[in-house]
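A short write-up of the structure that comes next.
What follows draws every value from the coordinates through simple rules; no lab data is involved. These figures come from a predicted structure and were not determined experimentally. Cβ atoms come from the backbone with ideal geometry, glycine included; neighbour counts cover every protein chain shown.
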């Protein structure tokens, strides 16, 4: 009825398995028909002609019924269209061909995906090539993306783009290095002592190089800080070029005059005129040759009539009409000219011009004329140099809008430019109106974004002030609500305080005059909220301290420790939700509470580790017991098995518990080892019982054969029968003693000539033997046969009556069988067969 469970999908309904096997065997035994052989050969010949023709190969695969020929034709199909066509048609009929085609389709799809990724990478490379601000990081990322793409067809195109990007990066590096070198050269030029013409030429060259760099294709990658610094340094050096030219021209004039004086005859020179002319050149610059002053002193010393020292040291006498104020102003004018301070010199000259009614002596008039001539010469030089510097300054200001400076830096630069303009006014006099208007217009245009930005910042400051006022009003309202309420929501109060503080810290800039007032008002309103809140937080902190002490007081080994700790943690969470403390205080208390909890867990964990180690030791001991039982299972003696099992059970119960995760496995192994040992012991016991039963059977048969030989009057050789007896395996003591006595009695009767008497005893015991056999058959439940039915029933009734009268238990089957084996009696074949049945039944029970 359960045949359907074993039915295969290919079995036919109503066909027996034997018939199916015959059908399959017949199918296997069938040889290919000649028509199939010829068709295979024809199709095999066509395969060679399919090379290069994918459509024909695909048609051949779809039409051929031979799998090996389809597989051979599949080697010629490589295009995606034909692969998809054939795979869709054959994937459910030929696994090998479908697998081959699927692998090629997967390879084609993977290659297409790589090509798409490669094209996307090349498109990104084109984008980078068109980007003005190409960075090395972008090129490195492009190289990383290309390194994981396998598209050999796109390598030439990508290599060309990569080389182009590499050239751009090299150009950027060269441009930036040249910019740094140019800036360093400009700084060194400003600190050098070159002639003004050579310095101007080098300045023009550096300026032209900078203009070329700013016009280069990669100029966008130049650091703005370096570009701005170069422009400022160039303007500074050009501004100082006028003073350098003036100093160098004065030095050249000084050297020319000194050379003229050294070449002129000494009689034509006047020491006072020479000294006055030398002073008109001004003080010697720091970079002047050190030999000029000694040369001039040598010329003065070589004059034949030097001026008296008193006259040389005495200041010139003023004209009778000149006052001390006029002479002091004139001396201040000369001092200002010597120091190159044109503004102070102009003030002194104006004061001298405003002096009315002053009559000068010829020396004073000549002194004033020389001072004004020097003032005019210096003013002309300063005006020329100042105008050049102003032009450079205007150019630098006009370039500021294109440099995209931050607003603060832009305002600072415009202010510094105006300060430079004022300094130039002080050094070189007032500027022309046209230059001033150009400069002022350029400054206004450059400062316009900063002005708009600062105006926006001012608006933001006013808005921030309004927000601050709203926060102050909210803090005041919360303080009033807290004072009116009987039961405050402290969590709400704490959240409000924190929110107000956070909002106040994020307000932004406020005007300084408003900031101080608003800060004071906000602090006053917040203190009203903060006072009661701090008191409440102190009490909450004290409650947290109590929880910490309770956690520390928990006994880790208490069985309720975890429940207590969990209750404390829940209480902590409730307190924390009711009123959060200050973050610093909350963190400190929480760390202490957590440390106390961790200490409990650590102690319990340590105890658990010790218990785990003890359980692992117990597991090792129990595993050793199981291993000892498994090793002793082979070749165990039945007598030793019981002792070994008792000892193992005692050791097993003495060992403690094992880890819970391994408890089932350890128990299973132990019970399996016990069962294995018991099985081997039972098997050994069974084998021993069988051996004893066979030996008993053989010895019983030997006794029966000897008694039969005595009854038949055959010649008996006691030595031969004894040898056969000794060659057999020994029995248990009771059976060995009973059968040995039976054998020896028979041999003694044959040896002593009492054979006839012994034979009569044997014949007399035959009925007793049959009676005993019948009793055993009744006891063991063996059928005695129809001929013994009446006697069997009679014995059953007698046995029942005897047991009821006496109340004694009947003899056991083994004892009766032992008595049967010890009884010498003649037994025919039927009787011997009945004894064999009893033998198998009784000894079989004893073995089990």
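So, by mean Cβ neighbours within 10 angstrom, what's the order for 210-221, 49-60, 713-724 with the highest one leading?
Highest to lowest by the protection proxy: 49-60, 210-221, 713-724.
For the range 555-573 and the range 676-701, what is the separation of their Cα centres, given in Å?
66 Å
For the range 709-775 and the range 172-210, what is the separation of their Cα centres, given in Å?
Centre-to-centre distance over Cα atoms comes out at 142 Å.
Tell me, what is the Rg over Rh of the range 39-171, with Rh the Kirkwood radius over Cα pairs?
Rounded to two decimals, Rg/Rh equals 1.26.
Rounded to whole Å and sorted largest first, what semi-axes of the equivalent ellipsoid does the C-alpha gyration tensor of the range 700-758 yield via the square root of 5 times each eigenvalue?
20, 12, 10
Ranking request for peptides 700-711, 534-545: highest mean number of other beta-carbon atoms within 10 Å first, then the rest in descending order.
By packing density, highest mean first, the sequence is 700-711, 534-545.
With the Cα gyration tensor of the range 99-253 giving a ≥ b ≥ c as the square roots of its eigenvalues, does the rule (a/c under 1.5 for rounded; else a/b larger than b/c for prolate; else oblate) give rounded, prolate or oblate?
Judged from the Cα gyration tensor, the range 99-253 comes out prolate (a/c at least 1.5, a/b above b/c).
How do the peptides 451-457, 348-354, 817-823 rank, highest first, by the average count of neighbouring beta carbon atoms within 10 Å per residue?
817-823, 348-354, 451-457
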